[in-house]
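The values are calculated or read from the model by the stated rules, or taken from the named source; none is laboratory data. The structure presented is a predicted model; accordingly, all values stated were derived computationally and were not measured. Here the Cβ is made from the backbone with ideal geometry for all residues, glycine too, and neighbour counts use every protein chain on show. We work out accessible area using only protein heavy atoms, side chains counted, and drop any ligands, DNA or RNA first. Shrake-Rupley method; radii C 1.70, N 1.55, O 1.52, S 1.80 Å.
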There are 6 protein chains.
Amino acid sequence: MDQSFEAFRARRAAGNASVLATDNLAIKRFFALDKQVYVDGALPVKTKELLGLVASMVLRCNDCIDYHLERCVAEGTDKAELDEAVAVALMVGGSIVIPHARHAAASIEFLLGERRER
Amino acid sequence: MDQSFEAFRARRAAGNASVLATDNLAIKRFFALDKQVYVDGALPVKTKELLGLVASMVLRCNDCIDYHLERCVAEGTDKAELDEAVAVALMVGGSIVIPHARHAAASIEFLLGERRER
Amino acid sequence: MDQSFEAFRARRAAGNASVLATDNLAIKRFFALDKQVYVDGALPVKTKELLGLVASMVLRCNDCIDYHLERCVAEGTDKAELDEAVAVALMVGGSIVIPHARHAAASIEFLLGERRER
Amino acid sequence: MDQSFEAFRARRAAGNASVLATDNLAIKRFFALDKQVYVDGALPVKTKELLGLVASMVLRCNDCIDYHLERCVAEGTDKAELDEAVAVALMVGGSIVIPHARHAAASIEFLLGERRER
Amino acid sequence: MDQSFEAFRARRAAGNASVLATDNLAIKRFFALDKQVYVDGALPVKTKELLGLVASMVLRCNDCIDYHLERCVAEGTDKAELDEAVAVALMVGGSIVIPHARHAAASIEFLLGERRER
Amino acid sequence: MDQSFEAFRARRAAGNASVLATDNLAIKRFFALDKQVYVDGALPVKTKELLGLVASMVLRCNDCIDYHLERCVAEGTDKAELDEAVAVALMVGGSIVIPHARHAAASIEFLLGERRER
């Protein structure tokens, strides 16, 4: 499986389209609710995306980590902030999270580079 | 890693042979018991395989999902039934299960296509 | 904490009221969606509740197990069927599920007794 | 087990003393590092404690939830903010987190009441 | 729920009897296999029980921790050895394991005291 | 993603370098502590690495499994001992661990072959 960030984006888009090509209303509502939870509210979007990132790290899901990292970087989160979130995730989740910290480090490098180029 | 369903089948068969090439009796008995649990009983095989599928989804193991999806389709489970099982898995397990719902959608498409061709 | 089934029912009702005493729409929608997923559809309610039960067992949550056991028994599921679902959960989830199988056994005894008395 | 917040505080203090009554340096360093991760840095303490809270909710540990809730409230986090963090945790972690949302709701009520009285 | 070690022993014995009061062969075989895995072999029982202990800690199940601690102490494991196993569990599993390290510390104190008195 | 053991080694080395290219002290200390936990003490290194292996298997992380398998083989652990550790992991963690037992079987074959050639 191609682990590049661009490959993840294509895989995610195609996969979501495939899941949502269904008559099952509960699945569609679940995906819709998953968007609403991260909108601006009492907590800013940036904080909520960091919450999503750390939750994804301690539950150890690379695709979820990549999704929230992309959203964090879009919200202006910088390297030092992301590293502190990674540190919390490592501490809470333990060394079993280390491979995901390695995955996150590569994604962070890609995403911050992409932002600089814009 | 080749993520196609055929590649999974080959990888699984070779891997099981490798695990069972051992003198360790407990491992052999564990694999044998794993077969017995899904035989026809008070609950039909079809229901048991759906239980295995949802358990595999909330525990987030793609190889286990593929195995139970193959068994579900062999038992005649259709798209609407599989989608309802996926909906339960998403609800119980949360958005962290979404990447596995994407994986399952691709496998379901492959397996239902294969069944139609027979 | 009182582990009796009646105590669980009271604790659950009070707890849900406390969670839903909020202006947060996402939380309310999440609870509403959690109801919809288990309604009659391509799969009967009885099967869906068994899916919820096994998912709760492998994820090891006694309150969730008790909730789905109550629903399973209300749908007419009998002891042999529940035991087969427990067997699948033990097999998929491993011996770490055993304490929850012990908890489930006590709840099943209570719930089937209560049903007989009606 | 007494589930009141005061009982948790006493149990936690006694338990930590018992764990740290050891010559094992790694355990002592682990506990020390667990403090350092949440100090003020690129991210404010309040954000880090919210990260710890959501991580604890999706990993489903009531004692960890109570610890981070206490720290969140001490940092001035209000009910609406806590509810949004709970909503993220429910969404990412699924309905299996609901019993912990019930536990959190009771702890939040206690802690905000205690803060008002000061 | 009474958290003393004696209460755990009584609860476990009654619970196992309740689970095994079934005609379900798979459940009985699962429990039988769970015994065989820990017998003396290429690895001594003491090592296997430490494996069971650390697995139970990172999966965060107090009843499983107590069971394996009792077996470890019966095999002659001492405080320094148990603390090193706890340190591995904390490191791999993260701070979410801390409440279980607190639980283990109390159980270790009880079990070593009981052994001294014999 | 190339699943060969050599590819894992390269990926792990590069990934760790990338994670540690940070000013974040907590991350660096976390990695340092992760080394200290496995040094010789009351328990020999060989036993500690087996503990790390089983913890990695029940938490289902292939990169962590490969790391500890490499360390186990370096400490002289043989096939029968590794298989007994795998059996404990399967028993505690359930059939959801089977794909990781398949992964481990391939890694064990590679590592024992490599040791024989030295």
* Residue check for E:ARG12: away from chain C (no Cβ under 14 Å), in a helix (DSSP H, G or I) and either touching a His at 6+ places or on another chain (Cβ under 6 Å) or over 30 Å from D:LEU33 (Cα atoms) (or both) -> no
* Six or more apart or on different chains, Cβ under 7 Å: which pairs go from a residue in the range F:37-51 that's free of Cβ contacts under 8 Å to residues at least 12 places away in the same chain and among the hydroxyl-bearing types (Ser, Thr, Tyr) to one that's in a helix (DSSP H, G or I) and open to solvent by less than 50 Å² (accessible area, probe 1.4 Å)? Could you list them? => F:THR47/E:THR47; F:THR47/E:LEU50
* To do: Assess whether F:ASP23 counts as being among the charged types (D, E, K, R), touching a Ser or Thr at 6+ places or on another chain (Cβ under 7 Å) and either under 23 Å from B:CYS61 (Cα atoms) or within 10 Å of chain A (Cβ to nearest Cβ) (or both).
  => no
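From the list F:ASP66, F:ASP83, exactly one residue is open to solvent by less than 20 Å² (accessible area, probe 1.4 Å) and touching a residue at least 60 places away in the same chain (Cβ under 8 Å). Which is it? Please lay out each step first, then the result.
Working: F:ASP83 fails: touching a residue at least 60 places away in the same chain (Cβ under 8 Å).
On inspection, the qualifying residue turns out to be F:ASP66.
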* Taking B:SER18 as meeting all but one of (1) within 15 Å of F:ILE98 (Cβ to Cβ); (2) buried (at least 18 other Cβ atoms within 10 Å of the Cβ), write down the number of the exception. => (2)
* Structure fact -> From the option list F:LEU59, F:LEU33, F:LEU53, single residue qualifying as surrounded by fewer than 22 Cβ atoms within 10 Å (Cβ to Cβ) and either within 15 Å of the chain's Cα centre (by Cα) or closer than 28 Å to D:ILE27 by Cα (or both) is F:LEU33
